[in-house]
Amino acid sequence: MTSVLGFTHVWEQRDSPRTLLLLHGTGGDEHDLVPLAAMLDPDANILSPRGQVLENGAPRFFRRLAEGIFDEADLRVRTAGLADFVTAAAAEYGFDPLQVTAAGFSNGANIAAALLLLNPRILRRAVLFRAMVPLTPETPPRLDGTKVFLSAGRADPLVQPENTERLATMLTQYGADVELQWSPLGHTLGKQDVAAAKAWLA
Ligand code: MLT
C-alpha cells in the first residue's frame with residue numbers, strides 16, 4: 001500500500017494490458033473491491049484508491065450535503081484529482097492509460113460517472129453498480145468509443161430508478177455505448193450483478 005498524489009491505494013500488477021480502477025462505496029477502503037476484481041476480470045491489473053474525504057470517519061470520494069445531494073464544487077475538484085491520480089499511476093507503474101476500466105459501487109460508481117462526464121479520456125469502459133447522475137457537465141463530453149455497464153437495483157432505497165435511467169440517457173446522448181441492467185435487489189450487490197458485469201466485460 002503506497003501513495004501516489006496523496007491517494008493511499010492498492011496496486012496489483014498482472015500480466016495483462018488491462019487495468020481495473022476499483023472505486024469503493026461510502027465507508028469502504030482500497031481493499032473492499034479487490035475480491036470483486038478477481039470475479040470480474042482476474043487477469044487485469046488492479047488500481048484501487050481510497051477516497052480522500054471523510055464523512056464521520058467514513059471514506060468517500062467527494063463530499064455530500066445530504067444523502068443523494070452532492071457538494072458539486074467538491075465533486076469537480078475531487079474528480080480532477082482522481083483523473084490526475086490515474087494518469088500519475090499509469091506513469092509510475094507503466095500500465096496502459098488507454099485500457100482502464102472503472103468498476104465502482106455506489107459513491108465510487110458516482111465518481112466514475114463524474115469522470116466520464118468531466119474527464120472522458122480517463123476511462124475506456126466503466127462498470128457502475130448503483131450509480132446516479134453525479135452532476136450535469138457544462139461542456140458536453142465526447143464519449144464515442146466508451147462503453148458503460150450500469151447495474152441498478154429495482155428496490156434500491158437510495159437511488160431512484162429514474163435517476164439511473166437519466167444517467168444512462170445522458171451517457172448515451174454523449175456518445176457512449178451504454179447497457180443498463182436491473183437487479184431485483186436494493187442497494188447491495190448480488191451474484192446476479194457480478195455475473196452480468198463479468199459477462200459484459202468479457
Ligand atoms: C453518494 O453519496 O455517492 C450516494 O448517495 C451513494 C452513497 O454513497 O451512499
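What the table below lists for this structure:
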read-out	value
Residue of 184, 17, 49 that the Gaussian network model of the chain assigns the largest fluctuation, springs spanning Cα pairs under 10 Å	184
Top of 118, 54, 21 by mean-square fluctuation, Gaussian network on the chain, Cα under 10 Å	54
Dimensionless Rg over Rh [segment 46-155; C-alpha; Kirkwood]	0.95
Heavy-atom accessible area per residue - segment 1-128, 1.4 Å, Å²	41 Å²
Order of exposure, largest accessible area first, which applies to 71, 177, 41, 15 with probe 1.4 Å	15, 177, 71, 41
Convex hull of segment 4-201 built on C-alpha atoms - directionally averaged projected area, nm²	9.7 nm²
The chain: calculated mean residue ellipticity at 222 nm from DSSP helix runs of at least 4, using -39500 (n - 2.57)	-10000 deg cm²/dmol
Relative contact order, percent, the chain [alpha-carbon distance under 8 Å, six or more residues apart]	18 percent
Beta bridges per DSSP with both ends in the chain, % antiparallel, nearest 5	30 percent
Carbon + sulfur, % of accessible area of the chain - ligands and nucleic acids excluded, 1.4 Å	51 percent
Amide N proximity, segment 1-31 versus residue 43 label position 7 Å along Cα-to-Cβ, cut-off under 17 Å	13-21
Cleavage-rule hits, trypsin sites (Lys or Arg not before Pro), segment 1-92, DSSP coil, Cβ neighbours within 10 Å at most 16	14, 63
Cα-projected label distance for residue 155 with residue 96, points at 7 Å along beta-carbon direction, nm	4.2 nm
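The values are calculated or read from the model by the stated rules, or taken from the named source; none is laboratory data. No experiment lies behind these values; they were computed from the predicted model shown. Positions of Cβ are backbone-derived with ideal geometry, glycine not excepted, and every protein chain shown enters the neighbour counts. These area figures cover heavy atoms from the full protein model, side chains too; ligands, DNA and RNA do not enter into them. Shrake-Rupley method; radii C 1.70, N 1.55, O 1.52, S 1.80 Å.
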